[in-house]
Amino acid sequence: MATEERDSPLSVPVEVQGSYISPDILPTNFNPVYRDIVLRGSEDLKKVAGRANDAGNEAYQAQLRNDEQDLILDDHETRLKDAEETLVEHTAQLANHETRITAAEEKIVEHEIRLNDAEMRLDDHETRLTTAESDIDYLTEKVAEIDADYVSLSRETTQILASPISVKDSYSVDGVKVIGARITGFTASTGTALKSGFDANQTYSVGAAYSQSEMKAISDALTETRKSLKALEDMARSHGLID
């Protein structure tokens, strides 16, 4: 991270003026030991200045690094504060999400209950539908049977019954009674019935004097009529019109 140059005395190096002393300029009255101390002191002063400059530079660089770390720490503080604010926001959102999730779970449980109830009702409807379909099939068969074998009130074509039929009072044609209840009290006739036809317009001659042949013809005709009447009686009795 780039930093601005710090204005510090540590950045200014120590300069030693007159760092070189010539032995010739020393007074002649200096003894050798003192002369050596003076000459060496100049060298030592240069070394001390160099060391001081090194220490000052190191201290200055440390100050620069410290300033840079302060900027980094400030940036970290800002970022940490933003992160904490974001965390608080996320915590609130998470709490809201948890509330919504709880509400959604309650809804799901309610839907499960309603779904189970609907499935039970659906099973009941399917059972009833199966029963209804079975009943419909049964009724369809019965309707087919009835349609193939029934007596219609409006049909004008001939209808045939394979079984006996019983009515309460009578049979009518166009509202006119044609057959009623059996008439009782008859005594059955005896003799031979005659079903052959005869000439209803036939006449018999009757003379003024008794004629056996004429009487015989009339007697035979009367017998023939009685036999035909016997046949009609038998027919009426066999049809149940009389007893």
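The values are calculated or read from the model by the stated rules, or taken from the named source; none is laboratory data. In this text, all values refer to a predicted model and were calculated from it rather than measured experimentally. Quick reminder, even Gly has a Cβ in these numbers, built from the backbone with ideal geometry, and neighbours come from all protein chains shown. Accessible surface areas use protein heavy atoms only, side chains included; no ligands, DNA or RNA. Shrake-Rupley method; radii C 1.70, N 1.55, O 1.52, S 1.80 Å.
Just report the Cα centroid separation between region 98-139 and region 43-71, whole Å.
87 Å
Taking K and R as +1 and D and E as -1, what net charge do the other residues with C-beta under 9 Å from the C-beta of Thr192 add up to?
Working: positive: Lys227, Lys230; negative: none.
Residues near Thr192 contribute +2 overall.
Starting from the Kirkwood radius over alpha-carbon pairs of region 161-231, derive D by Stokes-Einstein at 20 °C in a medium of 1.002 mPa s and give it in µm² s⁻¹.
After rounding, the answer is 130 µm²/s.
With viscosity set to 0.692 mPa s and temperature to 37 °C, compute the Stokes-Einstein D of region 40-152, Rh being the Kirkwood radius across alpha carbon pairs; µm²/s, no decimals. Walk me through the intermediate numbers first.
Working: Rh = 24.3 Å.
Estimated via Stokes-Einstein, D reaches 135 µm²/s.
Just how large is the dipole of region 167-223 about the Cα centre, in debye to the nearest 20, putting +1 at every Lys and Arg Cβ and -1 at every Asp and Glu Cβ?
The calculated dipole for region 167-223 is roughly 280 debye.
Please report, as a whole percent, how much of the solvent-accessible surface of the chain comes from carbon and sulfur atoms (probe radius 1.4 Å). Intermediate values should be presented prior to the final figure.
Values: 11570 of 20920 Å².
On the chain, the fraction of accessible area on carbon and sulfur atoms equals 55 percent.
So what's the back-of-envelope 222 nm ellipticity for the chain, counting only DSSP H runs of four-plus at -39500 (n - 2.57) apiece and dividing by all residues, rounded to 500?
Values: 2 runs with 144 residues, N = 243.
Theoretical 222 nm ellipticity from helices: -22500 deg cm²/dmol.
Would you be so kind as to identify which of Val109, Thr158, Ala144 lies farthest towards the positive end of the dipole of region 98-159, taking Lys and Arg as +1 and Asp and Glu as -1 on Cβ and the Cα centre as origin?
The listed residue farthest towards the positive side: Thr158.
Just need log10 I(q)/I(0) for region 84-137 at q = 0.21, 0.24, 0.25, 0.29 Å⁻¹, Debye formula, equal scatterers on the alpha-carbon atoms, no solvent, rounded to two decimals.
Debye intensities relative to I(0), on a log10 scale: -0.79, -0.86, -0.88, -0.97.
Quick one: helix 32-148 against the long Cα principal axis of the chain, what's the angle to the nearest 10°, folded into 0 to 90?
The helix 32-148 is inclined about 0 degrees to the chain.
Give the span of the chain's Cα atoms along each principal axis, as three whole-Å numbers ordered largest to smallest.
Ordered largest first, the chain gives principal extents of 238, 29, 28 Å.
Once the whole set of protein chains is in place, how much accessible area is left on Ser238, using a 1.4 Å probe, in Å² to the nearest 10?
Ignoring ligands and nucleic acids, Ser238 comes out at about 90 Å².
Near Val167, within a Cβ-to-Cβ distance under 15 Å, what is the net charge of the other residues, with Lys and Arg +1 and Asp and Glu -1?
Working: positive: Lys168, Lys177, Arg182; negative: Asp169.
Residues close to Val167 contribute a combined charge of +2.
Around Arg114, what is the net charge, scoring Lys/Arg as +1 and Asp/Glu as -1 over all other residues with Cβ under 12 Å from its Cβ? All intermediate terms of the calculation are to be shown ahead of the outcome.
Numbers: positive: Lys107, Arg121; negative: Glu110, Glu112, Asp117, Glu119.
That works out to -2.
Could you grab the relative contact order for the chain? Cα pairs under 8 Å, six or more apart, rounded to a whole percent. Mind dumping the intermediate values first?
Values: 99 pairs, mean separation 35.2, N = 243.
Once normalised by length, the contact order is 14 percent.
If you roll a 1.4 Å probe over the heavy atoms of the protein chains, what accessible area per residue do you get for the chain, in Å²?
Values: 20920 Å² over 243 residues.
In whole numbers, the chain has 86 Å² accessible per residue.
If I take the Cα coordinates of region 127-176 and project them onto the principal axes, what are the three extents in Å, biggest first?
The principal-axis extents, from largest down, are 54, 24, 20 Å.
Which angle between 0 and 90 degrees, to the nearest 10, do you get for helix 212-238 versus the longest principal axis of the chain when only C-alpha atoms count?
20 degrees
Let's test the formula: R0 of 41 Å, r as the Cβ-Cβ distance of Asn116 and Lys142. What FRET efficiency results, to the nearest 0.05?
Values: r = 39 Å, r/R0 = 0.94.
It comes out at approximately 0.60.
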